[in-house]
1. Can you work out the Karplus-derived ³J(HN,Hα) for every residue in the range 60-70? Use 6.51 cos²θ - 1.76 cosθ + 1.60 with θ = phi - 60°, whole Hz, and x for glycine or proline.
2. Could you pull out every one of the lysines with an alpha carbon less than 22 Å from that of Lys135, ignoring same-chain neighbours closer than 8 positions?
3. For the range 1-148, what is the charge dipole size about the Cα centre, in debye to the nearest 20, if Lys and Arg each add +1 at the Cβ and Asp and Glu each add -1 at the Cβ?
4. Show me 151-164, 319-332, 76-89, 181-194 ranked by packing, highest mean number of other Cβ atoms within 10 Å first.
5. Helix 8-33: angle to the longest alpha-carbon principal axis of the chain, degrees 0 to 90, nearest 10?
6. For the chain, find the longest principal axis of its Cα atoms and tell me its angle to the long axis of helix 285-305, 0 to 90°, nearest 10.
7. What percentages make up the Cα-Cα pair-distance distribution of the range 68-184 when the bins are 10 Å wide from 0?
8. What do you get for the angle between helix 79-90 and the principal long axis of the chain? Use alpha-carbon atoms, 0 to 90 degrees, nearest ten.
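Quick note: the coordinates plus some simple rules give every number you see, no bench work behind them. Owing to the predicted nature of the structure, the values given are computational and were not obtained by experimental measurement. Quick reminder, even Gly has a Cβ in these numbers, built from the backbone with ideal geometry, and neighbours come from all protein chains shown.
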Amino acid sequence: MWVPRSNPSVRWVQIVLLLVLTAFLGAMWGLERTTVPLIAEEEFGITSSAVTLSFVAGFGVTKAFANLFAGGLMDRVGRKRVLALGWAAGLPVPLMIIWAPSWEWIVAANLLLGVNQGLGWTATILMMMDHFGPKRGGLSTGLNELVGYSGVAALTVATGFIAASFAPRPQPFIIGIVLAVIGLVVTLAFVRETHHHVHAEPATGDAPSFREAFAEATFDRSLATLNQAGLVTKINDATVWGLLPLYLASQGAGLVEIGIVAAVYPQVWGIGQGVSGALSDKVGRKPLIVAGMFTQAMGIWALAFAGVLWEWIAGAGLLGLGTAAVYPTLIAAVGDRAHPMRRASAIGVYRWYRDAGFVVGALIAGGLADAVGFQAAYLAIGVISVASALVVVVALAQPARRVEIVVESTE
């Protein structure tokens, strides 16, 4: 394992900067989780769930391909440049939503938001893994996701209160302008490159090309199993993001209640990852992935049958707990199986498959909600989570153990 000895204060300052930037990335996403589905209905008169979820599908497509692009690009040009590109892509997003004269503008803004999240968040994950080393992959991804989804939750509930006090736009999205500008400036001025750290890790044989890494991630049994679990987790998230505000509104919930329930899910998700990532380093990845997939199903089903505020909060919390168990664990499990010089590519491929779940989830959940109603859509999504858990039970093998080494830091 890479353990830095010189300039530890510099290393920790860099880790703190990355955590702050990850929180800002999560906040950029959280701006939309309460407001955008309501904008579709209230301002543009869109009543179809499938049409409303088009912004989720657009986000998912670009985020998935941005993840794929980011992984290979970081292996070639470094992490910092990719992070800066991600923030540059995020700058127009809040402005486009504020000025949008039609729903198509909202969808286009979410295409750019997908690029922002795919490039930026993938970069912070890899940079933290570079700092912590492969033996603490669960800890590094857990911390990263904890802070990021705390940012999602904070802005989800904040925009609920702001929208209730003013309107779903423009006021909530002014915050996004500030976040994007600060994120880009901090990245360019203060963040240091970390790609050189992977050279300190033990590796035998030649590193695979990106094409080989993609083929391996697609056809290797264990990696394919991790990919499908990640995809199903995003199907669940797309269902909650796109349908939950509309579902709660149909049950008589107000904007503040919607904001609170919508925020509980990512907040529990975020806090739980601070425990689950490190725990997976000790007990293994598979137990947490299996338990998490089953728990997600129970949370989805609980939301389907909830009718009052505390029941909605309990269901959202249960779903967040299950997602917390699997989210950093899946990334760490991919990292366990990746060649050090191509870890970014391997994780980029995984995140490509995972975030394709936004598209699949938008299509399935939106279509089912229009055809048979919100409750039936949630029940069906829960069944998919159970099936995914069973695939992990059968197909996921344990990786080979890595050799631990200690080298001097080059910082």
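1. With coefficients 6.51, -1.76 and 1.60, one gets x, 4, 6, 5, 4, 6, 5, 4, 4, 5, 5 Hz.
2. List returned: Lys282, Lys286.
3. 960
4. Details: 151-164: 23.6, 319-332: 28.4, 76-89: 21.3, 181-194: 16.5.
Highest to lowest by the protection proxy: 319-332, 151-164, 76-89, 181-194.
5. Approximately 20 degrees, to the nearest 10.
6. 0
7. Pair shares across the bins are 13, 37, 33, 14, 3.
8. 10
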